[in-house]
Amino acid sequence: LENIFHKYENNDFLIKEDGSVTSYIEFWIKAKEIALKLLSVGCREGDFLLLRIENSEDYLTLYIACMQTGIIACPIDPDLPKDRYEAILNEIKPRYIIDNIQKINDIEINDTFKKPPINNENNRNCMMLFSSGTTGNPKGIVHSVMSLLSSAKSFAQLSGINTKTIVYHHFPMFYMAGIFNMFLCPMVSGGKVVLG
C-alpha cells in the first residue's frame with residue numbers, strides 16, 4: 001500500500017470541485033494523520049468503524065487509514081431507514097461511529113500515537129460492505145487489503161487504467177463501485193480522481 005503512494009508521490013491524485021489538488025504523497029500523509037486520530041479514540045486492528053457520511057475527500061482518506069491500521073471500515077448509506085441502521089449497529093457493534101465528517105477532523109491526536117503503528121501485512125481485513133438485502137437480510141462481506149488492491153490492479157490493467165487516466169468520481173462512496181472502480185483502480189495505477 002505504502003509503495004503505491006510513494007511510487008506516484010509527485011503525481012496529482014485528487015482534484016476537488018474548487019480546483020484544488022491533492023498529490024499522492026499529501027493524501028498518504030493525511031491518511032496517516034487520520035489513522036492516528038482513529039487510534040486516539042480507541043480504535044484498534046479488527047475493530048469496526050461505522051461510516052455514515054456524505055462523499056468527501058476525507059471519506060476516501062478514511063479507507064486508506066483503515067488499510068494502514070487494520071481497523072475495519074463499514075460504510076453504509078447515510079439515508080438507510082432507521083430499522084436497517086439499527087440492525088447493522090446491533091450486528092457489528094462498532095467501536096466508533098463517524099456520522100459527520102467534522103467529527104474526525106475535531107479529534108485531537110493522543111501523544112501516545114505520534115507515529116502510527118502501520119502494519120504492512122496486506123492480508124488483514126480492512127473493510128466490510130453490506131449486501132443490498134434483496135434476497136434476505138443484508139450480509140456483511142469482509143475484504144482484506146490484499147484482496148482489494150490485487151483486484152483493483154487486475155481490473156485497472158484489463159480496463160486500460162493508467163497514469164493518464166482521469167476518473168470522474170460521482171458514485172456514492174459507501175457503494176462498491178464508488179470505492180473500487182472510481183477510487184482504488186485509478187489509485188493503484190497512478191491515475192487522477194476528480195471529485196464530483
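The values are calculated or read from the model by the stated rules, or taken from the named source; none is laboratory data. From a predicted model like this one, the values you see are computed outputs, not experimental measurements. Glycine also receives a Cβ, built like all others from the backbone with ideal geometry; neighbour counts cover every protein chain displayed. All accessible areas refer to the heavy atoms of the entire protein, side chains included, with ligands and DNA or RNA removed. Shrake-Rupley method; radii C 1.70, N 1.55, O 1.52, S 1.80 Å.
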Of 91-102, 62-73, ordering from highest average Cβ density within 10 Å down gives 62-73, 91-102
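Gain in length, Glu2 to Met176, computed as 0.36 nm per residue apart minus the alpha-carbon separation, to one decimal in nm?
Result for the pair: 60.4 nm of gain on full extension.
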For segment 6-76 and segment 159-182, write down the distance between their C-alpha centroids in whole Å.
16
Restricting to DSSP H runs of at least four residues, report the calculated mean residue ellipticity at 222 nm for the chain, -39500 (n - 2.57) per run over all residues, nearest 500 deg cm²/dmol.
-11000 deg cm²/dmol
Which value, in Å³ per residue, describes the convex hull spanned by the Cα atoms of segment 45-106?
75
Quickly work out the Glu45-to-Lys164 label distance, labels modelled 7 Å from Cα along the C-beta direction, and quote it in nm with one decimal.
4.1
Quarter of the surface of the C-alpha convex hull for the chain, i.e. direction-averaged projected area in nm², equals 10.9
Calculate, for Ser132 and Val194, the FRET efficiency according to 1/(1 + (r/R0)^6) with r their C-beta to C-beta distance and R0 30 Å; round to the nearest 0.05.
0.65
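Hey, what did the chain get for relative contact order, percent, Cα under 8 Å, at least 6 apart?
24
Report the gain in length on full extension from Asn11 to Asn110: 0.36 nm times residue separation, minus Cα-Cα distance, nm rounded to one decimal.
The Asn11-Asn110 span can extend by a further 32.5 nm.
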Straight-line reach from Lys82: which lysines have a Cα under 25 Å away, not including same-chain ones fewer than 8 places off?
Lys93, Lys103, Lys139
Could you work out how much longer the chain between Glu86 and Gln157 gets when fully extended? Use 0.36 nm per residue separation minus the Cα distance between them, nm to one decimal.
21.6 nm
Exposure of Ile166 as accessible area (Å², to 10), given a probe of 1.4 Å and all protein chains
110
May I ask you to order 133-140, 150-157 by the average number of other C-beta atoms within 10 Å around their residues, highest value first?
150-157, 133-140
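Near Glu57, within a Cβ-to-Cβ distance under 9 Å, what is the net charge of the other residues, with Lys and Arg +1 and Asp and Glu -1? Let's see the in-between values first.
On the way: positive: Lys16, Lys30; negative: Asp58.
Value of the local net charge: +1.
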Computing the accessible area with a 1.4 Å probe over protein heavy atoms, can you report the carbon and sulfur percentage for the chain?
49
Percent antiparallel among DSSP beta bridges (both partners in the chain, rounded to 5)
35
Size of the dipole of the chain about the Cα centre, Lys and Arg at +1 and Asp and Glu at -1 on the beta carbon, nothing else charged, in debye to 20?
500
